[in-house]
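Derivation of every value follows stated rules applied to the coordinates shown; laboratory data play no part. In this text, all values refer to a predicted model and were calculated from it rather than measured experimentally. With ideal geometry, Cβ positions are generated from the backbone for all residues, glycine too; neighbour counts draw on all protein chains shown.
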Amino acid sequence: MNHPDALFAFFTEIGILAQLSQTQCERLMPAGMTLAQFTVLNHCIRVSDGRSPATLARAFQVTKATMTSTLQRLEQKGLVAIHSDPRDGRSKIVRITESGRAMREACIAATRPWAESLLEKFEAREVFDLIPRLAALRIILDAERD
């Protein structure tokens, strides 16, 4: 297999893994939660809270309309609060609520047994060793998207 073919096979496997894991996570998470909603909550905690919908849309590489729809669903559930930006009254700021933080933790707890069962099928070191390599690839791809 030549290098471009290997890279294509690599990304094919990542795509399949993403689809399988998304489906399983959504089955396990609390009723009504989607992976898209969870990832927004997780982003607010892991990366940065208090971002605009447009900034979140860019971060997730979705349209502004798609992100607005996801944020509206999260706001209806009381998981985020959307306020006018005090620096610019025309734009909005998204903040995770305490209920949103609790929902993120509930989603993680709901999927933890499944994740632990997967780790029993691999040596944990194999998975841990992949993380820095995948993160390095993410950094490269992220830098090339703009």
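Between residue 116 and residue 13, the FRET efficiency estimated from the beta carbon spacing at R0 = 30 angstrom works out to 0.85. Here the sum of -39500 (n - 2.57) over DSSP H runs of 4 or more residues, divided by the residues of the chain, equals -23500 deg cm²/dmol at 222 nm, to the nearest 500.
If Lys and Arg each add +1 and Asp and Glu each add -1, what is the summed charge of the other residues whose beta carbon sits under 15 Å from the beta carbon of residue 51? Kindly include the intermediate steps, with their values, before the conclusion.
On the way: positive: 46, 58, 64, 87, 92, 95; negative: 49, 75, 85, 88.
Taking every other residue near residue 51 into account, the sum is +2.
Compute the length gained on full extension between residue 46 and residue 108: take 0.36 nm times their separation in residues and subtract their Cα-Cα distance, giving the result in nm to one decimal. Working shown, then result.
Details: separation 62, 0.36 × 62 = 22.32 nm, distance 1.32 nm.
Between residue 46 and residue 108, full extension yields 21.0 nm more.
Loop-resident GluC sites (Glu not before Pro) (DSSP state other than H, G, I, E or B) in segment 91-146 with no more than 14 further Cβ atoms inside 10 Å of their Cβ: 120, 123.
Ranking 41, 78, 117 by how far each Cα lies toward the positive end of the dipole of the chain (charges on Cβ) leaves 78 at the top. Close amide H contacts of residue 51 (hydrogens built in the peptide plane, cut-off under 5 Å, sequence separation of 5 or more or a different chain): 94.
If only the Cβ of Lys and Arg carry +1 and only the Cβ of Asp and Glu carry -1, the dipole of the chain around its Cα centre is close to 620 debye. Legend: calculated FRET efficiency, residue 83 to residue 63, from the Cβ-Cβ distance at R0 = 30 Å, rounded to 0.05, equals 0.85.
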